[in-house]
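The values are calculated or read from the model by the stated rules, or taken from the named source; none is laboratory data. Every value quoted in this text rests on a predicted model; they were computed, and no experiment measured them. As a convention, Cβ positions derive from the backbone with ideal geometry for all residues, glycine included, and neighbour counts pool all protein chains shown. SASA here: full protein model, heavy atoms, side chains in, ligands and nucleic acids out. Shrake-Rupley method; radii C 1.70, N 1.55, O 1.52, S 1.80 Å.
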Amino acid sequence: MKQLSLKFLFISHYFKHLYCALILVLSIGMANAQGTLSGIITAKNGETLIGATIMVKGQGSGTISDIDGSYEVKLPAGEQVVVFSYTGYATYEMSIMVDDGTKYTENVALGVDNFSLDIIVVTGTFSGRTQKESPMSMTLLNAAQLQQLASNSQADVLRTIPGITAEGGGGEVATNVFVRGMPSGGQYQFTPLQVDGLPVLSTFGLNSSAHDVYFRNDMGIRNLEFVRGGSSTLFGAGSVAGIVNYTSVTGSEEHENKVQLEWADGGRIRTDFLTAGPLSENLFYAFSGFYRYDEGPLETGMPTRGYQLRGNVKKLFNNGKSSLTVYTQFIDDNVQFYLPYPLANDAGQRERPVGNDGETIYTMLTGQAKDFSFDTPFGRFKSPIGNGVTTKGGYVMFDLRHSFGNDWRLSSKAKAASYDHWFNLFLDGDGDHNVPETQEAYLTDRALPANATFAYADDGKALAAGDLLFQNRILDRQRPMQELVGETYLTKTIGSHNISLGTFLANTKADDNNWIANYVGDFRNAPRMVNINYTDSLGNDVAYSTGGFISGSQTSNRYHESSKIAFFVGDEIKGEQFNIDIGLRWERASGIISRETGVGSNTFQKGDVSTSDFAIAVAGLYKLSSAMNLYANFSRGYFFPQLRSISFSAPGFPQSYEPESVLQGEVGVKYAKNNLAATAALFYVGLSDRRNVDFINDPNNPANVIEEVKVQSTQTFGLETSLNYTITQGLNVYGNFTFQNHEFTKVEGNEEQEGNELRRQPNVMGMVGLSYDGFGFDANLSGNFMGSKFANDGNTVELDGFNIIRLDAGYKFSLGEKETFRLGLSVFNLLNADGITEGSPRQGDAQTGSSEYFVGRPILPRRIFIRGTFDF
């Protein structure tokens, strides 16, 4: 520990001197400007834009607008180009001939950019800049687009982005996200989910909960930015594939109020609201949230309800040069999570089966299994399965920004978060049979006597002779989490350079306590529990299942803690024809592991691990013309192994903890002129010695599930394209296409899988859409295509491709000068497609596609939403 402290002091001492050297070098004065330009910046709707950026092109000087949108900037004599920009709005450039000592006035109104290429983005960059001038791939979705896409989960939003495979058949949370052919079980492992510039959770692999369990979208989101490759590897939690960043609405001088009422078939009611505006001079607020009650989207007999409240207060001071924004969130929500279940597999046509009652089966979740309890070494445990996935807690975040004299800028963020979280789910079978069974086969396979009887637990009536049985498991997982995280960096603009130096710190703690229960029910939608009784050879009456319950136990008691410290430096060079990014990041990660070996045994595996690595990114952009830019980037990144993947070679001796290296390269073009905007990029991703963790059925005890670790290396070559074309005013056609050729280059212990494709990731995917907005009416029709893919690493089961069609339309009624009401209709999965998103991860490479039943998870069925939105 003393040696580690000395190393840390050395690193701190080194960066202190490096920082001082940078200040000395960058503090060189610049020539005095000889003219002055001033004015007011607003949006096209008249809203004052506070903090808009005004830069003198090619000079590296500029300013930001103050609390009433006013600005003043000094200009060198001669012909100059001034660039006005603000996050979420189209950039505006103006040319001006400056005479010595002359004062000029220019009021600027920024409009929304339909193509997004000229909108300022702030994710994956030290200074805000447009997508078009960034030497990396970016995708931006505004608030209106997010509202159109929000139906069931983050997957509905993310699957519209090139390069992302997003699975959302599990419900509102735990979206599985795969990016550019990188191997994972999903859970945002290579793509940190951020809100307002800091990660929702900064560490991967303390447990298997996806990061979207801690956060829900609401009306208080201004936009989403997804940045992949390039310098994105330098920021935040150390992204290696990209950053998903949601930016919140913050208050301004203009009042903004919205209330939305939502109804959906299947018993869903939701209310959203947003209110924002001034509190007093230089003080602004924004507050948003929702309440939801839902009996769907699949009928389970276990309705869910919950709410989230988010808010921020922003204070401007030092004549608008400084701002402090305090963000807060509180969530108390629960949703159901849907795993794969047995599908009818007639001649390879995997379809939802028909149950004992003659009705189609959509889910094996059932409210009749929600009251089970059993003894454990720590007392009687009652399953909370009826609550599904629950999250209660929140965060407080501080965001301090200051513009010093001589073009120095400070950005500092810190967040404290704490959540009480349970991830309770129904598994996809008993771990041995995993499919429905006849009553005779059920008894034979378990060596039960033929005199056994089968009766429904709810009314005592006997099952019909031909009724099928399905034995399943409930897995309850308690996962409280606490985190402290912060990021600070200084940026200096000198000439064409934006040089930044910063640090990132995080400490995250999480428990992982698991309980598992076995039960038996019949085979139908939301199964009924079944009592099985028999008489043994001694004449004793035996209850094999009581109320459907067979057995239960606590299977794990774990604690993981992660600490990170990182330093980074970067330079963004802006020239007339070239933009160049160069960056370096060094990071050290350490972990504490505590696992009880046999719950209640008081015997633990405990150990500490630590390692460090570096990332480097180089990117360049060439402005071929005013309409077209060419770019390329290369990065060498890293990914620290998940702490849950670390086993012990002996008590107190964890196995090696070495970083996983990632190489990425990209070459692309961005084009925007008149009615057309388009992008195209060729990319490569190579990942070495990835410790991939899967939940599989325990081969030694099928009633249990265990974590299996595989060491794999992969590579992917691919192409991403996007297009947006304005047919006429208000009418747009848009789309994107991704091709990715991915394969395993190394699989320890399964060398025969080398050359196989990665599971659950198609080679081809894309979307196409048509949107209209005019005369009070708006409509959007889009289709997402996912090509065929394999269900497992062994490539033994291929899943067919599918399409998801979405429709959103509405009409806006005027209720006053600035007051409107929009009545809208939204339909998810318009054609009610039933494609399969995944097989059974619990079966892994043992799964086949030729049996009578196939365990898989279909996409969610069609759902209709009606929304009424008041804007005032």
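Hey, could you check the range 344-364 for residues that are in a loop (DSSP other than H, G, I, E, B) and open to solvent by 40 Å² or more (accessible area, probe 1.4 Å) and say which is modelled with the lowest pLDDT? Across the range 344-364, the extreme among qualifying residues is ALA347. Every listed requirement among (1) part of a strand (DSSP E or B); (2) closer than 26 Å to ASN736 by Cα is met by SER625 save one, (1). Considering the conditions (1) over 32 Å from the mean Cα position of the chain (by Cα); (2) over 30 Å from VAL200 (Cα atoms); (3) not acidic (Asp, Glu), PHE404 is excluded by exactly one of them, (2). Quick check on the range 330-340: of everything there that is assigned to a strand (DSSP E or B) and open to solvent by less than 10 Å² (accessible area, probe 1.4 Å), which residue is farthest from GLY431 (Cα to Cα)? Among those residues, the one meeting the criterion is ILE331.
Scanning the range 302-329 for residues that are more than 26 Å from PRO480 (Cβ to Cβ), outside any strand (DSSP E or B) and of a type outside the set (Lys, Arg) turns up ASN318, ASN319, GLY320. Residues in the range 145-155 that are out of contact with any helix residue (DSSP H, G or I) (no Cβ under 8 Å at 6 or more places or on another chain) and either open to solvent by less than 10 Å² (accessible area, probe 1.4 Å) or within 24 Å of LEU365 (Cα to Cα) (or both): SER151, ASN152, ALA155. For the range 376-401, what are the residues that are without any contact (Cβ under 8 Å) to a residue 40 or more places away in the chain, more than 15 Å from ILE474 (Cα to Cα) and open to solvent by 70 Å² or more (accessible area, probe 1.4 Å)? Within the range 376-401, just ARG380 meets the criteria. Evaluate the range 529-540: report whether one residue or more is of a type in the set (Asp, Glu) and assigned to a strand (DSSP E or B). No, there is no match, as no residue in the range 529-540 is of a type in the set (Asp, Glu) and assigned to a strand (DSSP E or B). Considering the range 157-171, the residues that are in contact with a Pro (Cβ under 9 Å, 6 or more places away or on another chain) and assigned to a loop (DSSP other than H, G, I, E, B) include one that is farthest from PRO183 (Cα to Cα), namely GLY171. Looking at ALA276, is it open to solvent by less than 30 Å² (accessible area, probe 1.4 Å), in contact with a strand residue (DSSP E or B) (Cβ under 7 Å, 6 or more places away or on another chain), part of a strand (DSSP E or B) and of a type outside the set (Phe, Trp, Tyr)? Yes, satisfied.
Does ASN750 satisfy the criteria of being polar (S, T, N, Q) and at pLDDT below 95? Judged against the criteria, ASN750 is a match. Exactly one condition in (1) in a strand (DSSP E or B); (2) surrounded by fewer than 17 Cβ atoms within 10 Å (Cβ to Cβ) is not met by PHE454; state its number. (2) is the only condition that PHE454 fails. For GLU299, the criteria (1) touching a Gly at 6+ places or on another chain (Cβ under 9 Å); (2) part of a strand (DSSP E or B); (3) open to solvent by 50 Å² or more (accessible area, probe 1.4 Å) hold in every case but one, which is (2).
Taken over the range 570-600, the criterion of being outside any strand (DSSP E or B) and open to solvent by less than 50 Å² (accessible area, probe 1.4 Å) is satisfied by GLY575, GLY598, VAL599, GLY600. Residues of the range 790-828 being part of a strand (DSSP E or B), more than 25 Å from SER771 (Cα to Cα) and free of Cβ contacts under 8 Å to residues at least 40 places away in the same chain, which ones? Within the range 790-828, PHE790 is the sole residue that qualifies. Checking each residue in the range 236-273 for being of a type in the set (Asp, Glu), farther than 18 Å from THR48 by Cβ and not in a loop (DSSP other than H, G, I, E, B) picks out GLU262, ASP272.
Scanning the range 333-343 for residues that are at pLDDT 95 or above and touching a Phe, Trp or Tyr at 6+ places or on another chain (Cβ under 7 Å) yields ASP333, PRO342, LEU343.
For the range 250-287, a tally of residues being among the aromatic types (Phe, Trp, Tyr) and over 30 Å from VAL827 (Cβ atoms) returns 3. All of ILE646, ILE616 fail the test of being open to solvent by 60 Å² or more (accessible area, probe 1.4 Å) and within 30 Å of ALA566 (Cα to Cα), apart from ILE616. For the range 541-569, name all the residues that are open to solvent by less than 30 Å² (accessible area, probe 1.4 Å), within 30 Å of TYR442 (Cβ to Cβ) and either part of a strand (DSSP E or B) or aliphatic (A, V, I, L, M) (or both). Matches in the range 541-569: SER545, GLY552, GLN554, SER556.
The single condition among (1) in contact (Cβ under 8 Å) with a residue 60 or more places away in the chain; (2) closer than 17 Å to GLY301 by Cβ that ASN334 does not meet is (1). Hey, any hits in the range 240-261 for a residue that's out of contact with any Gly (no Cβ under 6 Å at 6 or more places or on another chain), open to solvent by 10 Å² or more (accessible area, probe 1.4 Å) and either among the aromatic types (Phe, Trp, Tyr) or closer than 30 Å to ASP608 by Cα (or both)? Looking for residues that are out of contact with any Gly (no Cβ under 6 Å at 6 or more places or on another chain), open to solvent by 10 Å² or more (accessible area, probe 1.4 Å) and either among the aromatic types (Phe, Trp, Tyr) or closer than 30 Å to ASP608 by Cα (or both), one finds none in the range 240-261, hence no. Considering LEU193, LEU198, LEU158, the condition of being surrounded by fewer than 24 Cβ atoms within 10 Å (Cβ to Cβ), aliphatic (A, V, I, L, M) and in contact (Cβ under 8 Å) with a residue 24 or more places away in the chain is satisfied by LEU193 alone.
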